[in-house]
1. Testing residue 134 on (1) closer than 16 Å to residue 229 by Cα; (2) surrounded by fewer than 17 Cβ atoms within 10 Å (Cβ to Cβ); (3) in contact with a helix residue (DSSP H, G or I) (Cβ under 9 Å, 6 or more places away or on another chain), one condition comes back false. Which one is that?
2. Starting from residues that are hydrophobic (A, V, I, L, M, F, W, C) and under 23 Å from residue 250 (Cα atoms), keep the ones in region 3-18 and report whichever is modelled with the highest pLDDT.
3. Yes or no: residue 175 without any contact (Cβ under 8 Å) to a residue 60 or more places away in the chain, in contact with an Asp or Glu (Cβ under 9 Å, 6 or more places away or on another chain) and crowded, with 21+ Cβ neighbours inside 10 Å?
4. Go through region 199-228 and report how many residues are within 13 Å of the chain's Cα centre (by Cα) and part of a loop (DSSP other than H, G, I, E, B).
5. Considering each residue of region 411-430, count those that are in a loop (DSSP other than H, G, I, E, B) and either modelled with pLDDT of 90 or more or over 11 Å from residue 359 (Cα atoms) (or both), and give that number.
6. Would it be correct to say that residue 386 is assigned by TED's automatic domain parsing to the domain that holds residue 324, more than 23 Å from residue 184 (Cβ to Cβ) and touching a residue at least 12 places away in the same chain (Cβ under 8 Å)?
7. Being assigned to a helix (DSSP H, G or I), in contact with a Gly (Cβ under 9 Å, 6 or more places away or on another chain) and over 30 Å from residue 504 (Cβ atoms) narrows it down to one residue among 666, 647; which is it?
8. Can you tell me how many residues within region 448-492 are of a type in the set (S, T, N, Q) and in a helix (DSSP H, G or I)?
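The values are calculated or read from the model by the stated rules, or taken from the named source; none is laboratory data. Source: prediction; values computed, not measured. Quick reminder, even Gly has a Cβ in these numbers, built from the backbone with ideal geometry, and neighbours come from all protein chains shown.
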Amino acid sequence: MTAEEAKKKIEQLTKEVNFHNDLYYQQSRTQISDFEFDQLLERLVSLEKQFPQFKSPDSPTQRVGGTITKEFASVYHKYPMLSLSNTYSQKELEDFDARVARGLEGDSYEYFCELKFDGVSISLTYENGKLTRGVTRGDGVRGDDVTANIKTIRSIPLIIKGDAIPPVFEVRGEVFLPKDVFLQLNKEREDIGEERYANARNTASGTVKMQDSSEVARRKLDCFVYYLLGDETGLNTHEESIQKLESWKFKVSPTYKKCKNIAMVLEYISHWETRRQDLPLETDGVVIKVNDLEQQQLLGYTAKSPRWAIAYKYKAQNMSTRLNGVTYQVGRTGAVTPVAELEPIFLAGTTVKRASLHNANEIARLDLHLGDYVFVEKGGEIIPKVTGVDHERRSNNLKPVVYITKCPECNTKLVRVEGEAAFYCPNVNGCPPQIKGRIEHFIQRKAMDIDSLGERTIHQLYELGLVKSPADLYDLKRDDILKLEGYKDKSAKNLMDGIEKSKSVPFENVLFAIGIRYVGKTVAEKLARYFKSIDQIAIATVDELLAAPEIGEKIAKSIYDFFQKPENRREIKRLMNAGLQFKTQAKEPEKESDVLGGKSFVISGTFERYERDQLQEIILKNGGRILSGVSGKLDYLLAGDNMGPSKLAKAEKLGVKIISEKDFEKLLKG
């Protein structure tokens, strides 16, 4: 491809991706699937790498991240991010209205109402129409500069286009994890044996402060904006500023309303009390602001909050109902989760019959008895949970809930790993939910992507004795599939074609699909790039695994233990024989020089100017070698911040030369 052709293609792809971003985030519509969108974006990323001179400053590829931030700079806010006074009562709202009336000395006024979102406050600074800084609220006076992470949020414009754009302005908003994204994230964590996140708000907060912006991009954060600040906006009311933000393509929740008096404010609050449950994110109240900006300045501020605004907080959705029993669910990794079976109640817009009890520790903490009346809450956690017991209603003859000692599915004695809250069924190869769960994990889109298969079909295949492990899928014949309920010639062919097509799925997907505990999609990608093949991973020691990017003790031990089990090695051998990809297809970078002359490196920690993948590529391009672990044969340990102490100690013991990022750059200069 010539430079001119590349330029045109980059412009075309940029236009396409921006169009679909706008359609999805501004108009809540789609014309293509997520997969098709990702393919467009990947093609653009690839072309921009080959022809960086044609990458525009507002390229949508900035949304995929890639910046590693060791620590976040502290930034003072130009305009302090004050907190709002809170109230839970109508009387206090009426008192607030009376104070506003007195402060404005009889002048007429109106309010602007917005839902209060349960996320992370963010300040966005734009200079000459370009996003230059994203800063967390912090203590209200100063916060953390998280610009690289904020740029991955696709609903936040990188460049503003329009008329009369102020030279400098600030936009405030709330970064959040949509409910469906949070549920999917917890499903994925549960799927690889990690503990579920407690709530969407805390997860969003942790995500905004991640060091790796590419991981932030994968979390699919979103943002609603609600405030425009600046010295030259030329606006008179808050309503006008919201309309201006909308015209600049910011994402504003359409739930706002202008209210002429406090009575209309109360109607707005009542309207959204239950309807807010249908929104794509968690809300915990309503923000009421005086609409006129000049009147806001007249009313002024206290030391902690503005006098022209107040937050009305909805009371937590909490009800009491009878605990009829406790059942136990077994997941793919064998984790056993207790579930409260409840007398049905209508809570937060839905009928609730079951609620999470988390683990044995929670049952003991609550001192649950069968027949107790329990308090159930459905809030930021999305999934209903039992929060307490109504002891005043407890009868004398109730029996305490005793956590089971054997698997409810296969009757195997449960075990508990030291330091973990969950009990596990160790019968990995004989417990039906674990077997079916592993196959469901194997076929999912991020793994082998066999979309003709589903939970119901897997259940049938298992019950008929046709599939007891993922490798069995590749032994299926057409006649086997025709035994399944609802399958005819065409659907059988589609399933066979889907299984055959999966053989071309890249190694990193296969590595994720085989279901090593704690190895999610991101970890699988890093392992595949580092070790290149399943054979190298299988023979790696724990220390060698720890040398790979982002691999800690827990993950390294889990991978090592997985490959020590003969049944796992046999399963992988069968998958190999079936034709699956167990080597990376990534090409080695073309050599640029021999300045590193065959010298060997191990890279550990985080770096100021480079990602670890970049360092690996630079070393290979300049004639160096990458080793998987520290040994006496190693020439250099390239040490960044937060590196593993065991690697450092071993290098010092063996006399391996330990170099910094600056030392490495000197080596490159010869």
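1. Tallying (1) closer than 16 Å to residue 229 by Cα; (2) surrounded by fewer than 17 Cβ atoms within 10 Å (Cβ to Cβ); (3) in contact with a helix residue (DSSP H, G or I) (Cβ under 9 Å, 6 or more places away or on another chain), residue 134 fails exactly one: (2).
2. Of the residues in region 3-18, the ones hydrophobic (A, V, I, L, M, F, W, C) are 3, 6, 10, 13, 17.
If we keep only those that are under 23 Å from residue 250 (Cα atoms) too, we end up with 13, 17.
Details: 13: 88, 17: 85.
Of everything passing the filter in region 3-18, 13 is modelled with the highest pLDDT.
3. Numbers: without any contact (Cβ under 8 Å) to a residue 60 or more places away in the chain: yes; in contact with an Asp or Glu (Cβ under 9 Å, 6 or more places away or on another chain): yes; crowded, with 21+ Cβ neighbours inside 10 Å: yes.
Taking the combined requirement at face value, the residue satisfies it.
4. Taking region 199-228 first, the residues within 13 Å of the chain's Cα centre (by Cα) are 199-210, 212-222.
Add one more test, that the residue is part of a loop (DSSP other than H, G, I, E, B), and what stays is 199, 209-210, 219-221.
The qualifying residues number 6.
5. So the first thing to find is which residues in region 411-430 are in a loop (DSSP other than H, G, I, E, B), and the list is 411-412, 414, 416-422, 425-430.
Those still in the list that are either modelled with pLDDT of 90 or more or over 11 Å from residue 359 (Cα atoms) (or both) too: 411-412, 414, 416-419, 425-430.
Within region 411-430, residues that are in a loop (DSSP other than H, G, I, E, B) and either modelled with pLDDT of 90 or more or over 11 Å from residue 359 (Cα atoms) (or both) number 13.
6. Values: assigned by TED's automatic domain parsing to the domain that holds residue 324: yes; more than 23 Å from residue 184 (Cβ to Cβ): yes; touching a residue at least 12 places away in the same chain (Cβ under 8 Å): yes.
Yes; evaluated as a whole, the condition is true for this residue.
7. On the way: 666 fails: in contact with a Gly (Cβ under 9 Å, 6 or more places away or on another chain).
Just one listed residue meets the conditions, 647.
8. Applying the first criterion (of a type in the set (S, T, N, Q)) to region 448-492 yields 452, 457, 460, 469, 491.
Checking which are in a helix (DSSP H, G or I) leaves us with 457, 460, 491.
Summing the residues that are of a type in the set (S, T, N, Q) and in a helix (DSSP H, G or I) in region 448-492 gives 3.
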